[in-house]
Amino acid sequence: MTSEQNDNEQMVELRGIRKSFGDLEVVKGIDLNIAKGEFFSLLGPSGCGKTTLLRMIAGLETPDDGTIVISQQSMNGVDANKRPTNMVFQSYAIFPHLNVGENVAYGLIKQRLPKAEIRQRVDAMLKMVDLDGYYNRPSYALSGGQRQRVALARALILEPKVLLLDEPLSALDKKLREQMQDELRRIQRTLGITFILVTHDQEEALIMSDRIAVMFDGNIAQLGTPKEIYDKPLSKRVASFIGVMNFLKGKCVGETKTDIKVEVATLGQVSFSRDLVPEGVSLDHLNIGFRPEMFTVLYDKKEKAENTFMSEVKNVDYYGDMTYYTLALPNSDMDITVSMRNTSGRYVYGLGEAIRVGWRSSSLLILN
Amino acid sequence: MKKPPLLLFSFVIIYLVFLYAPIMLLPIFAFNDSSIIAFPLSGFTVDWFVGLMGENTLHRALKNSLIIAITAAVISTCFGILTARAMARHNFLGKRPSFGLIMAPLFLPEIIIGVALLIVLIQLGISLNIWTVILGHILICTPFSVSILYSAFNNMDKSIEEASLDLGETRFGTFRRVIFPLVKPGVIASLLICFTISLDEFVIAFFLTGVEPTLPVYIWAQLRFPSKLPSIMALGFILLLLSLILLAIFEYYRRRSETLIGNQPS
Ligand SMILES: Nc1ncnc2c1ncn2[C@@H]1O[C@H](COP(=O)(O)OP(=O)(O)OP(=O)(O)O)[C@@H](O)[C@H]1O
Ligand SMILES: [Mg+2]
């Protein structure tokens, strides 16, 4: 975690950053430290202010309030062209009148380096992003994935301290996106540059990041590693934004020193450790979360589990590797989603079939 | 192919005869070996063209016209670049009214502009010369320049400029290396159309010219002498060809401007 890290290792520090457009406050006082060499993601729904925050780091937008420090230097009053950051734009913003090589060389030419050195570095960079031999290709003759690589190469060649990426993969199809995710990660590890990625794709953020900041309405709702964010979402909102989550109502019915006993709506009473209960939660109205994979379908009648219930299959979503069942909660008109991995020979239930499900008390989440 | 209906066919013929036949008379009589403009033709000659070479006043008028047209084209296009850029990228108080004012000369009768300018210039005690004509021509050329360049600036993805800044280039460097190359075809198109408009313009030039006439004013003066008519035909023919060539180049660059900017991903 950041707080344990030495201050010298901070690459980007945001202190009380605010930004409004007219009457609309888009970024509402964000404090954030991003470490050197970190792959950091800003994750949030459309319009939550991710791009605005990224653009303020790049210097393309000025905060109304607060300080941005990059590499121990305040960026107040420093123009975009003087900052040690480079950006990969969502639209890629490839210069249409220049070919691939000239696009990549753009920033180096400004630095008035010798021609031969520029050429050599551009070739090396094109190789790195897998565009070997594309130097003379006109920019209009590029596919979406190739444009993305040119934009990346053009930014990386300047060896920025921080690379800013604004939804760089959202325009690509699924296959290419997954391939580029791997590639971005590889490049980031190779170069050790701090990456700040803006995305609204929770899966992408989970796969790629060292840490994620989940943003809602101009605030950071939760900050943590992908595992922390997924396993221990602090609020219902974060929980429903990241992955699939079942929400159940609950009520405390008994307490001991270490444990509490909770009545989970229609699933029965369970006891678990007090540590799992976040502060400031009303024990009479508990929001309980359950990931679909925390339930286990019990195929064998004799199979045991800590808690079980019987249900009926209301819907089946078959993904090949996984099956998602929508099940009726016992004695209730509410549904829950349960997922099972389709290991070899495992039975896939059909609509209307009776199904027995097991779960463990410790896998439930108490949410704010 | 289907035969066009008779009515439409006759309309097209009449249209062509009335509007284009007079222009076709230019080359015919420019090469006709007679000082009287009438059929039947009496023979082929290039004398009228040769005769133009010796006309000193014509040369002076041509020189004046070229100076005026080039200067007006350059200045109008500079204004056009600045205006179009401001209109496409910035929001400021009075944006719409000022845009309306700049475009107004497009809809005002030239004779009104000419007379109004003349009155003001005389009141100010400024003597009429080439520069007063240039002034008038800038007024009518700028709207054309703005409308050509506005779409070029407006269609340009803003993030392209931001990318340039982000890659370390200054604002001026961004203009030089990114914005200008992208709008260059539009700039050339603007220069050409302003040049052509100024070269052909008669009414304003007539009012604002001093002792140094422009080409159209010279032509108008010559029309008083019937014997000069064939030379005017020859001159007119040359101007016609020149205009067509300029127009073709203009169209080429206007289209290039559209494709260049249109190539960006959206
Ligand atoms: N230049 C601007 N002028 C006015 N409003 C703006 C401007 N830029 C952004 N906004 C508004 O600020 C809010 C946040 O915008 P921002 O682009 O930061 O969202 P985002 O999180 O990147 O969303 P998305 O995922 O859709 O890109 C939006 O409501 C947007 O309309
Ligand atoms: Mg955005």
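The values are calculated or read from the model by the stated rules, or taken from the named source; none is laboratory data. All figures in this text were calculated on a predicted structure; none of them were measured in a lab. Ideal geometry is used to build each Cβ from the backbone, glycine not excepted, and the neighbour counts take in all protein chains shown. These area figures cover heavy atoms from the full protein model, side chains too; ligands, DNA and RNA do not enter into them. Shrake-Rupley method; radii C 1.70, N 1.55, O 1.52, S 1.80 Å.
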| query | Here are some residues: A:Val129, A:Val104, A:Val88. Which one is at pLDDT below 90, under 31 Å from the mean Cα position of the chain (by Cα) and either surrounded by 21 or more Cβ atoms within 10 Å (Cβ to Cβ) or acidic (Asp, Glu) (or both)? | reply | A:Val129
| query | Yes or no: A:Asp64 more than 16 Å from ligand 2 (Cβ to nearest atom), within 29 Å of the chain's Cα centre (by Cα), closer than 30 Å to A:Gly22 by Cα and surrounded by fewer than 22 Cβ atoms within 10 Å (Cβ to Cβ)? | reply | yes
| query | Applying the selection to region A:168-205, what residues are open to solvent by 40 Å² or more (accessible area, probe 1.4 Å), away from ligand 1 (no atom under 16 Å from the Cβ) and aliphatic (A, V, I, L, M)? | reply | A:Leu176, A:Leu191
| remark: Scanning region A:45-57 residue by residue, those more than 14 Å from chain B (Cβ to nearest Cβ), more than 6 Å from ligand 1 (Cβ to nearest atom) and surrounded by 22 or more Cβ atoms within 10 Å (Cβ to Cβ) turn out to be A:Leu53
| query | Only one residue in A:Ala93, A:Ala116, A:Ala124, A:Ala153 is more than 8 Å from every other protein chain (Cβ to nearest Cβ), within 22 Å of B:Asp157 (Cβ to Cβ) and among the hydrophobic types (A, V, I, L, M, F, W, C), so which one is that? | reply | A:Ala153
| query | For region B:131-157, which residues satisfy the criterion of being closer than 18 Å to B:Val178 by Cβ, of a type in the set (S, T, N, Q) and part of a helix (DSSP H, G or I)? | reply | B:Ser151, B:Asn154
| task | Specify which of the listed residues (A:Val238, A:Val270, A:Val162) is more than 16 Å from ligand 2 (Cβ to nearest atom) and within 14 Å of chain B (Cβ to nearest Cβ). | result | A:Val162
| query | Any chance region A:195-217 includes a residue that's within 12 Å of chain B (Cβ to nearest Cβ), touching a Pro at 6+ places or on another chain (Cβ under 7 Å), of a type in the set (Val, Ile, Thr) and touching a residue at least 40 places away in the same chain (Cβ under 8 Å)? | reply | no
| Looking at this structure, is A:Leu156 in the same structural domain as A:Asp31 (by TED's automatic domain parsing), within 16 Å of ligand 1 (Cβ to nearest atom) and surrounded by 16 or more Cβ atoms within 10 Å (Cβ to Cβ)? | no
| said: Can you pull out every residue in region A:222-236 that is within 26 Å of A:Gly16 (Cβ to Cβ), open to solvent by 40 Å² or more (accessible area, probe 1.4 Å) and either at pLDDT 95 or above or touching a Leu at 6+ places or on another chain (Cβ under 9 Å) (or both)? | reply: A:Leu223, A:Thr225, A:Leu234
| Among the residues of region A:73-95, is any acidic (Asp, Glu) and within 16 Å of ligand 1 (Cβ to nearest atom)? | no
